[in-house]
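Everything below concerns the one structure shown next.
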Amino acid sequence: MARTPDITSPQLVTYDGLPGSAGGAHSLRVKQPDKAFQRVQTFVEACTEPVSSASWVFEVATGGPPAATEHLVALATERFGGPRHRARTHTEWNVAPKSVNDALEALVAVGPDAVTSHGRSLAALTCSMRVRLLDPDARAPYPDITPEAFGRFAVDGYGRLLGGSGVRATIGTAASSMSLWLNLPADDRLSPGARHLQDHLPLRLSAKHWRLWRPTRSGDAFRSTKIPSPVHDPA
């Protein structure tokens, strides 16, 4: 039997932006893929420290203009190698970090009118990364906000852990978006930290998706309750 983690950590505040019930991601509200990518990079560089290398995936959807689709599939195969996954709705390729600019150039070249019959982007580049948030005062990661400090408590079945933040950005030919899983200390560092994030994000943090996590009475798990947004101090 696996040993139950000994959870003696402090409280924690998370932001889930956005959960599947609310659309799954924040719109970056810009059509040009290169500009959307730069907005994501600006936030990541100002507010986070990577925990591991980012994962990059290039996707071409089905149901778009045949000529543009064939061109993108051929280009992706030439530059990124064989597909990692084929489905009825799309085809995916792994993209090495050195080839990210090639993927962006392909998105820009095909143009913002490259959409499927359902209006979704014909092609997209998705970046997934695990990060630690930076304390704006110390300009270093919060030392007490790590998965280990919270017993590697699994928030869901998709790999998210309490204490471990993550960013997922999808840069598409027609639209771009960003999903956020943010973990902040539940003390006097919370409001300055949340405001720092908002100041560097290319989107507005929702007021509805903040939660305070506390250890359960037994000490072997956590429970959460919704709290008001800490971005703005209460009047």
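Remarks
- Applying 1/(1 + (r/R0)^6) with R0 = 25 Å to the Cβ-Cβ distance of residue 156 and residue 94 gives a FRET efficiency near 0.55.
- Using alpha-carbon coordinates, inclination of helix 190-200 to the longest axis of the chain, degrees: 20 degrees
- Sites residue 148 and residue 74, calculated FRET efficiency, Cβ-Cβ separation with R0 45 Å, nearest 0.05: 0.50
- Point-to-point label distance, residue 86-residue 187, nm (Cα→Cβ direction, 7 Å offset): 5.5 nm
- Global geometry of region 45-126, whether rounded, prolate or oblate, following the gyration tensor of its Cα atoms and the 1.5 cut on a/c: prolate
- Electrostatic dipole magnitude of the chain [Cβ: Lys, Arg +1; Asp, Glu -1; Cα centre; debye, to 20]: 560 debye
- The chain: calculated mean residue ellipticity at 222 nm from DSSP helix runs of at least 4, using -39500 (n - 2.57): -7000 deg cm²/dmol
- Note on residue 214 and residue 118: their simple-model spin labels are 4.3 nm apart, each label 7 Å out from Cα toward Cβ.
- Set of lysines near residue 98 by C-alpha distance (under 29 Å), chain-local residues within fewer than 8 positions excluded: 31, 35
- Straight-distance crosslink candidates among lysines, where the alpha carbon sits under 18 Å from residue 208 and sequence neighbours closer than 8 are dropped: 226
- Taking the C-alpha atoms only, the angle from helix 33-47 to the longest principal axis of the chain is near 20 degrees.
- For the chain, the longest principal axis of the C-alpha atoms and the axis of helix 66-80 are separated by about 60°.
- Of all the options 142, 158, 15, the one that moves most in a Gaussian network model of the chain with Cα springs shorter than 10 angstrom is 158.
Every number here is computed from the coordinates shown, using simple stated rules; none is lab data. Since we're looking at a predicted model, the values are computed, not measured. Note that each Cβ is placed from the backbone with ideal geometry, even for glycine, and that neighbours are counted across all protein chains shown.
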